[in-house]
Amino acid sequence: MSPTTTIASVPALAEVEREAKGCTRCPLAQGRTQVVFGVGSSSADLMFVGEAPGQQEDLQGEPFVGRSGQLLDRMVLEEMGLTRDRFYIANTVKCRPPGNRDPQPVEIAACHPWLETQVDLIDPKVVVTLGNFAAKLLLGTTEGITRLRGRAYPYRGGVLVPTFHPAAILRGGGDLAAQMRADLVRAKQYLTGDGERP
Ligand code: URA
Ligand code: SF4
């Protein structure tokens, strides 16, 4: 018996990543150093979805390795007690937009199937979206993050907890940080089965 029968999502996700590495479905393919597919445990109960790779991510090939990522790691450790090996992180678009501009609607739409496949294969209990782009895409809404956050939403058999992007915390300071910490505590409650069904 193959040991992969019990962890089928591991080779499947690696296979999808190999395919994504050559993706040219949108114009962002032209300016990238490499595709930043995602990182972490493919059997995680928790998945974070950010916006787009920045300069460091584009160079290193891993999401959230710059200043935003360091802040995210610290807050997740402090509020949820988890390190990177315990969750999975990906972005709404997998290639760096030139000069860190916002990802465009056509780019987000072109990249969406990669994200959907990641969510399907990892099948997390809790998805935490970081910032406007991921929340709007996954919840199918035009509502902004300030209104969306503060509660959980049903999502693909699990729940979705929207919160701010860590870059907004770096810019905006204490008040936003406290709200983001509360969102992470909320996500933890759903992970441990203490959250009320949204
Ligand atoms: N910001 C994001 O949204 N994603 C990253 O990977 C890095 C910064
Ligand atoms: Fe493909 Fe997504 Fe990169 Fe566009 S951003 S080229 S859709 S991987």
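The values are calculated or read from the model by the stated rules, or taken from the named source; none is laboratory data. No experiment lies behind these values; they were computed from the predicted model shown. As a convention, Cβ positions derive from the backbone with ideal geometry for all residues, glycine included, and neighbour counts pool all protein chains shown.
The number of residues in segment 23-56 that are more than 13 Å from ligand 1 (Cβ to nearest atom) and of a type outside the set (Ser, Thr, Tyr) comes to 12.
Every residue, every condition in (1) modelled with pLDDT under 95; (2) not charged (D, E, K, R), yes or no:
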residue: Gly157; (1), (2): yes, yes
residue: Pro162; (1), (2): no, yes
residue: His165; (1), (2): no, yes
residue: Ile169; (1), (2): no, yes
residue: Gly174; (1), (2): yes, yes
residue: Ala177; (1), (2): no, yes
residue: Asp194; (1), (2): yes, no
residue: Arg197; (1), (2): yes, no
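As a summary of the residue check, Lys136 satisfies the conditions (1) within 14 Å of the chain's Cα centre (by Cα); (2) within 13 Å of ligand 1 (Cβ to nearest atom); (3) under 20 Å from Asp183 (Cα atoms) except for the one numbered (2). Among residues of segment 91-101 being without any contact (Cβ under 8 Å) to a residue 60 or more places away in the chain and surrounded by fewer than 23 Cβ atoms within 10 Å (Cβ to Cβ), the one that is farthest from Gly131 (Cα to Cα) is Gly99. Looking at Glu196, Glu143, just one residue is surrounded by fewer than 19 Cβ atoms within 10 Å (Cβ to Cβ) and within 22 Å of Pro103 (Cα to Cα), and that residue is Glu143.
In segment 27-49, of all residues being within 16 Å of ligand 2 (Cβ to nearest atom) and not in a loop (DSSP other than H, G, I, E, B), the one that is farthest from the chain's Cα centre (by Cα) corresponds to Pro27.
Hey, could you check segment 118-137 for residues that are more than 16 Å from ligand 2 (Cβ to nearest atom) and either of a type in the set (Gly, Ala, Ser) or at pLDDT below 95 (or both) and say which is farthest from Asp73 (Cα to Cα)? Looking at residues that are more than 16 Å from ligand 2 (Cβ to nearest atom) and either of a type in the set (Gly, Ala, Ser) or at pLDDT below 95 (or both), I get Ala135.
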